[in-house]
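In what follows, a structure is listed as structure tokens, so that the remarks can point back to it.
The values are calculated or read from the model by the stated rules, or taken from the named source; none is laboratory data. Predicted, not measured: the structure shown is a model, and the values here were computed from it. Using ideal geometry, Cβ is built from the backbone for each residue, glycine included, and neighbour counts are taken over all protein chains shown.
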Amino acid sequence: MSKLSVAITPAQLRRYALDQRAYYDGSRQEERAIIFGARMEARAELDDALADTDSGIAEECIIEQRVPLLGLIKIKGGRKIYVEHHYNCEAEAHGIHVAFQWCSDPGCEERNAMLVRLYIGHRDTGIQAQYEASTGQWYQCTGRGNHGKNYACGGNWSSRKVATPPAIFNQLEEIMKNIRTEAQKQQRIAQAKASLEAAELMVLAQVQREHAAGYARQSCNPIYDGQAEICIGKAGMAGAFADRTEARAKLVLAEAGL
């Protein structure tokens, strides 16, 4: 269950205010961040005064919210810094549409950037489900057919509380689970291919180094005048080729996230 009311210490409250000012610095909301940040600091000061202490400023304040579909969200100073499962409208191909309502104002103070409400609807019927983040309550919704192209939450609808997520959310979860499973499979395949390519490059680099070593040995036992200088040059070239091949192998792995 997710809550919009956030319990943080006075020291964390001061840190959040500082981080939020920094985040909105130079933006149209800069003044609001300053004003509401001052109120957050005043709240922190009152809490400390009531406790007869001075808690100072926390080194870090990361607020966490866990919500349906997206999973864990981490927020720093009014900015989302981590979302466990990103959603990019993948379910629209199946007729399911989703809309998120977020706190998006410094005036929300430590609730800023948190999810307020989630709507889920279908292209044919309009809204079918609503989730209230402040209480963790799900609602089964019935649209009146006037949603237009706002399939997730357009037009008018009636709703009732339900103890479990409506069926459309379960359909959405299954779709996303399959998509993520396929994505993980494709990533695994891509990384396996990258590992093989890198391994083959390292084999080539080893052969190139063996050639370099062979030229170096021959330079110590030349069989005609000038051969030593030629072999030294070839040894250097083969070594340089080996270095380049190894660098390519490292790049292949890095691009694959390995």
Hey, any hits in region 215-230 for a residue that's of a type in the set (Gly, Ala, Ser), in a helix (DSSP H, G or I) and in contact (Cβ under 8 Å) with a residue 24 or more places away in the chain?
no
Condition first: touching a residue at least 40 places away in the same chain (Cβ under 8 Å), surrounded by fewer than 18 Cβ atoms within 10 Å (Cβ to Cβ) and hydroxyl-bearing (Ser, Thr, Tyr). Now tell me which residues in region 5-61 satisfy that.
SER5, THR9, SER55
Test result for GLY145, of a type outside the set (Ser, Thr, Tyr) and modelled with pLDDT under 95:
yes
Subset tally (residues that are farther than 23 Å from ASN88 by Cα and either within 28 Å of the chain's Cα centre (by Cα) or not assigned by TED's automatic domain parsing to the domain that holds ASP124 (or both)) for region 140-161:
0
Could you check how many residues of region 99-117 are in contact with a strand residue (DSSP E or B) (Cβ under 6 Å, 6 or more places away or on another chain) and either crowded, with 23+ Cβ neighbours inside 10 Å or not assigned by TED's automatic domain parsing to the domain that holds LYS74 (or both)?
3
